[in-house]
1. Within region A:172-229, work out how many residues are modelled with pLDDT of 95 or more, assigned by the TED database to the domain that holds A:Asp34 and among the hydrophobic types (A, V, I, L, M, F, W, C).
2. A:Phe80 passes all but one of (1) of a type outside the set (Lys, Arg); (2) within 14 Å of another protein chain (Cβ to nearest Cβ); (3) within 22 Å of A:Val136 (Cα to Cα); which number fails?
3. Filter region A:228-245 down to residues that are in a helix (DSSP H, G or I) and open to solvent by less than 20 Å² (accessible area, probe 1.4 Å) and give me whichever is farthest from the other protein chains (Cβ to nearest Cβ).
4. Please go through region A:51-74 and give me each residue that is closer than 21 Å to A:Arg38 by Cβ and at pLDDT 90 or above, ordered by number.
5. Determine which single condition A:Leu97 fails, assuming it passes every other condition in (1) more than 25 Å from B:Phe63 (Cβ to Cβ); (2) in contact with a Lys or Arg (Cβ under 7 Å, 6 or more places away or on another chain).
6. Would you point out which residue out of A:Asp120, A:Asp86, A:Asp131, A:Asp95 is of a type in the set (Asp, Glu), in contact with a Gly (Cβ under 8 Å, 6 or more places away or on another chain) and either at pLDDT below 95 or not assigned by the TED database to the domain that holds A:Trp239 (or both)?
7. Between a residue in region A:212-237 that is within 15 Å of A:Ala250 (Cα to Cα) and any residue that is aromatic (Phe, Trp, Tyr) and open to solvent by 30 Å² or more (accessible area, probe 1.4 Å), which pairs come within a Cβ distance under 9 Å, given they are 6 or more apart or on different chains?
8. Out of A:Val30, A:Val41, which single residue is closer than 19 Å to A:Ala137 by Cα and either in the same structural domain as A:Ser180 (by the TED database) or open to solvent by 30 Å² or more (accessible area, probe 1.4 Å) (or both)?
Amino acid sequence: MDLGELERDNTGRCRLNSPVPAVCRKEPCVLGVDEAGRGPVLGPMVYAICYCPMSRLADLEALKVADSKTLSESERDRLFAKMEEDGDFVGWALDVLSPNLISTSMLGRVKYNLNSLSHDTAAGLVQYALDQGVNVAQVFVDTVGMPETYQERLQQRFPGIEVTVKAKADALYPVVSAASICAKVARDQAVKNWQFVEKLQDLDTDYGSGYPNDPKTKAWLRKNVEPVFGFPQFVRFSWRTAQSILEKEAEGVTWEDLPTGDQEGQGRITSYFNEKPGNRPHLPHRYFQERGLESATTL
Amino acid sequence: MESGDEEDVEKHRIHLRPVTLRSAPSVTLHLLPCEVGVNRPAPVGRFFTPAIRQGPDGLEVSFRGRRLRGEEVEVPPGLLGYVMAMEEKSLGKQDFPGGSDSDEQELVEPPEALERDFDRFMGASASFQRFTLWGLETVPGPDAKVRAALTWPSLAQAIHAQVPQD
């Protein structure tokens, strides 16, 4: 899989796709959606679609695709290579969401949570297939969150397509299994060849599985804290594991949109009578207050 | 600013080392929309600068997992920006480039005046003609506080200028 585009810039998102097989534009197709790397605190999350004509579904099953989690890395690589060989009837597309994109979405002024990000990415890929002229008749999706509401949302967005959202869809439907293999192969490769944006010296890449409960991953995070910048962008800052390490081991950062507490809130109403004269700080003129200007008596 | 500029506030007398203004090296500055609870050098060149991207409408980067949008701000014409630092009492003037003993005669302060314990010295550690102003998720734009603050020098000059008597 050529992830060159991602390796050139991995701060945002990146879409990759196979050529669309001619037969998929003519015949009604089934399309599967799955994801890899949703849980880890490190690296990108990859969304994938895989599609083929309904009439060729038996040929896809004959490849013995299965839920990517039940396969070894070499089996996944072999199956992905086979799908590429069958490019005359199997097509795929990926959306790689960088850890930086995930962090900045989830930590935005307006929070964009991982479920919404996932749903929108999945819908975006289905739309992409339609835009490429794929004759999509059925869509199978491995669920994120509640399958019922997710299915309803997708069905509403794509009224002409029969949408099925199910837990464990990656084990139930071969086309979803195939999508899960595409996603997992891309995620593994992206992590293995990750181009750190930062100029890091003697970086050790022994970060284990990347899952927050992996002791190796935790140890790597602790070792790679930078007191001011936190972590490299390879880390999802929005993960609780990352946040709690930062709270303990990095400098505190106060943002301008910090939810204002009531430290300046009204006290008891009687406080207005108690206030001693001369307690009020002498405030500078509004001109200076509005511009954040203060006289510097110390730095 | 004039040499020997000083201000007596809360028992501090602040002296400026004029020589440091002439020798302050030019630096690249970033003004972030947050406060970091520490004041010391940080590896900006390794963590921050390489992550800056030129987006469709302005500069983009992230800090601590939050998206920043930035733009260049020029110091008003005729002015130069300085990064000022307080001298630690024990460290003395070696803190500042060019603040060597040979230049000390520049200071128009009588020697005995320097021995008071409320005297503080500050000098420029760097100079700048522009800096990058970062906003949280949005470009700070023309209404940014700092842009407004940069109008103060010209106003200050106007209100402190001599007014003809008649």
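The values are calculated or read from the model by the stated rules, or taken from the named source; none is laboratory data. Bear in mind the structure is a predicted one, so any value in this text is a computation, not a measurement. Please note: Cβ atoms are built from the backbone with ideal geometry, for glycine as well, and neighbour counts cover all protein chains shown. Just so you know, the surface numbers come from the protein's heavy atoms only, side chains and all, with ligands and any DNA or RNA stripped out. Shrake-Rupley method; radii C 1.70, N 1.55, O 1.52, S 1.80 Å.
1. The number of residues fulfilling the criteria is 9.
2. Every listed condition holds for A:Phe80 apart from (2).
3. A:Ile245
4. Hits for region A:51-74 are A:Leu71, A:Ser72, A:Glu73.
5. Here A:Leu97 meets the rest and fails (1).
6. A:Asp95
7. A:Pro232/A:Phe196
8. Being closer than 19 Å to A:Ala137 by Cα and either in the same structural domain as A:Ser180 (by the TED database) or open to solvent by 30 Å² or more (accessible area, probe 1.4 Å) (or both) holds for just one of A:Val30, A:Val41, which is A:Val30.
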